[in-house]
Amino acid sequence: MTVKLYALTCGYLTGSLAHLMEGGEGDVRLPIPSYLVEHPKGVALYDSGMHPQCQTQPAARVGERLAGMFKFDYAPGQEISARLEAMDRDPRRIDYLINSHLHFDHSGGNALIPNASLVIQRAEFEVGRDAERARRYGFNPEEVNCGHPVIAPEGEYDVFGDGSVVCLPTPGHTPGHQSLRVRLEGGDVVLTGDACYFCRTLRERRLPRFAHDREQMYASLDKLAALEAGGARIFFGHDPEFWATVPQGPTPITF
């Protein structure tokens, strides 16, 4: 059973490394990734990037505080729907939209994937649909209220029922953050989302300045390290040096 995985860049953000890694200095240009997974039983998307409004009016979409923390390098044609169409993939024919979590650069494009079932951890979903709690975490409730059928597991979730594409809870960054393990012909890939921003996050255990639960985040890093020790290839969430080595769709990821 062949599973194909494609990486898609949906713009960039530039901000202070100190916000994202303890002791960081200077600015860092962060790729905004999304991943397309093609399985014989269907098609899944892991994260949807930013809302198109962030191309012209980021403060109106994400608020003055977040807009002031980052420089947005995000142009028309870089939204997830356009990235898919450039690969001759129809955004209306995605079966599963898997959100790692509900920050604006991971779920902002949810409405552009209109016919998918949304797969999100129950803890994240409960916060996201409560307007008051969502605001405290920097979530936009609209992104879990786009009309998608919702699948909200509490724990691991086997998307296609055969162990090849599995949601792995990696909380700490947010209450219900999840990573995704994808089994390719050459071995397992683990897409970390924001459980692990950079390679240095995993190697040096240097957490971001803001985290929902630091102990949970350390435990999630331990989980990712164990998966790597078992042979999985780790795809770090926003690491620009690592991302430069990742082939972009329509070229599939292989190893």
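So here's what we get for this one:
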| item | result |
| --- | --- |
| Tabulated pairs, the stretch 17-41, first under 30 Å from Asp90 (Cα atoms) and modelled with pLDDT under 95, second crowded, with 22+ Cβ neighbours inside 10 Å and not small (Gly, Ala, Ser), C-beta under 7 angstrom, 6+ apart or interchain | none |
| Hits in the stretch 183-233 (condition: within 18 Å of the chain's Cα centre (by Cα), free of Cβ contacts under 8 Å to residues at least 40 places away in the same chain and surrounded by fewer than 19 Cβ atoms within 10 Å (Cβ to Cβ)) | Ala211 |
| Residue under evaluation Ala123, criteria (1) without any contact (Cβ under 8 Å) to a residue 40 or more places away in the chain; (2) among the small types (Gly, Ala, Ser); (3) surrounded by fewer than 23 Cβ atoms within 10 Å (Cβ to Cβ), criterion not met | (1) |
| The one condition in (1) surrounded by fewer than 23 Cβ atoms within 10 Å (Cβ to Cβ); (2) in contact with an Asp or Glu (Cβ under 7 Å, 6 or more places away or on another chain) that Thr56 fails to fulfil | (2) |
| Criterion: farther than 24 Å from Ser179 by Cβ, among the aliphatic types (A, V, I, L, M) and in contact (Cβ under 8 Å) with a residue 60 or more places away in the chain - qualifying residue of Ala75, Ala59 | Ala75 |
| Scope the stretch 1-46; condition on the phi > 0 side of the Ramachandran plot, assigned to a strand (DSSP E or B) and surrounded by fewer than 17 Cβ atoms within 10 Å (Cβ to Cβ); matching residues | Gly42 |
| Residue match in the stretch 104-115 (condition: acidic (Asp, Glu), free of Cβ contacts under 8 Å to residues at least 60 places away in the same chain and either crowded, with 24+ Cβ neighbours inside 10 Å or out of contact with any helix residue (DSSP H, G or I) (no Cβ under 9 Å at 6 or more places or on another chain) (or both)) | no |
| Residue within the stretch 126-137 that is crowded, with 23+ Cβ neighbours inside 10 Å, part of a helix (DSSP H, G or I), of a type outside the set (A, V, I, L, M) and in contact with a helix residue (DSSP H, G or I) (Cβ under 6 Å, 6 or more places away or on another chain) present | yes |
| Members of the stretch 213-255 found to be within 17 Å of Ile32 (Cα to Cα) and polar (S, T, N, Q), listed by number | Thr245, Gln248 |
| Hits in the stretch 164-213 - residues which are more than 14 Å from Arg233 (Cα to Cα) and of a type in the set (S, T, N, Q) | Ser164, Thr170, Thr174, Gln178, Thr201 |
| Some residue of the stretch 7-17 being over 21 Å from Phe210 (Cα atoms) and aromatic (Phe, Trp, Tyr) | no |
| Flag for Ser100 being touching a helix residue (DSSP H, G or I) at 6+ places or on another chain (Cβ under 8 Å), surrounded by fewer than 23 Cβ atoms within 10 Å (Cβ to Cβ) and modelled with pLDDT of 95 or more | no |
| Among (1) of a type outside the set (A, V, I, L, M, F, W, C); (2) in a loop (DSSP other than H, G, I, E, B); (3) at pLDDT 95 or above; (4) more than 13 Å from the chain's Cα centre (by Cα) - the single one Gly49 does not satisfy | (4) |
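The values are calculated or read from the model by the stated rules, or taken from the named source; none is laboratory data. All of these numbers come straight from a predicted model, not from anything done at the bench. Glycine gets a Cβ as well: all are built from the backbone with ideal geometry, and neighbour counts include every protein chain shown.
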